Structure formats: C-alpha cells, structure tokens
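Coordinate-derived values only; no laboratory data. This structure is a prediction, so every number in the text was calculated from the model and none was measured. Glycine gets a Cβ as well: all are built from the backbone with ideal geometry, and neighbour counts include every protein chain shown.
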Amino acid sequence: MLSVMPRVPRASVGGICYHVMNRGNGRRAVFHKDGDYRAFLKSIGHACIEIPLPVLGFCLLPNHFHLVVWPKEDGDLSRWMHWVLNTHVRRYHQHYHTSRHIWQGRFKEDLVRQRGYQPEAGKMDTFADSARLMGRPIRGG
C-alpha cells in the first residue's frame, strides 16, 4: 500500500513583499468575460476584509494573474490566497456548471526585494500593457 505524503506547508513570512501568480489549468482561460474579472477582484476585496493584507498591484490576463502583496503576519499569504482562490473556484463552478480543476496548481510566489526590484517591476508593466483589466491598488485593513 502506498502512502501519500502531505504537501509541505509554505513558509510565508509576514512583513515581506511578494509577487504572486497562478495560471489556468493547462494554460486555459479562467477569465472569460468582464464579470469574471470583477468577481475575482471582489474575492480579493473580501479576502482583504477577512485577512488584512495590502495589495500593491495586480494584473489579470485571460489565463493567469499576477499580484504584488505585502502580508503583515507569518502565514497570512497562504491563508489569504486560499480565501481568494477557493472563493473564485466556487463561483466559477457555479457560474459555468463545471467541476474540473481551474488552476494549474499551487500559486507561485517570489520575494520582492525592497530595493532595486526593477526587473520584475518592468515585467509587471509589460503584463499590464496586454491585460484586459488593470486597476488601482486595493488595500486591506
């Protein structure tokens, strides 16, 4: 009998800025119309109420998203992302009458160096140019 090892918990440290992204399963679109983008942003807003976490910037494209966030406490990033993605998946399945995996896997996060993080900032600008929806920063708490 094979035993399945649980995933290792993420070590998300508070007080550090992160670039977070996730992609649709099989690189498929997860945002099909304007209402999908609005619903995702609404889930971000609700997550910010439940787990105050500043969102410094975001970029939503049809098959993936990028966020720049600054969790306050250790573990906040994972709890906050769970809230956002779980809310989005439940809404997606209800709206589109599906039951498949929406996201490719766990979200990815990279630390944003507090000084000199120009390459990723430039990358975010490039994504923004091709995004269907950009917005002002949403701040929690």
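The ranking of Thr98, Thr87 by Cβ neighbour count inside 10 Å, starting from the fewest, reads Thr98, Thr87.
What does the charge dipole of the stretch 8-54 about its Cα centre add up to, to the nearest 20 debye, if the Cβ of each Lys and Arg holds +1 and the Cβ of each Asp and Glu holds -1?
Values: 7 positive and 3 negative charges, 50 e Å.
Dipole of the stretch 8-54, to the nearest 20 debye: 240 debye.
Peptides 76-82, 65-71 ordered by packing proxy, namely the average of other Cβ atoms within 10 Å per residue, highest first: 65-71, 76-82. Net charge dipole, the stretch 40-121: roughly 260 debye, given to the nearest 20, about the Cα centre with Cβ charges of +1 for Lys and Arg and -1 for Asp and Glu.
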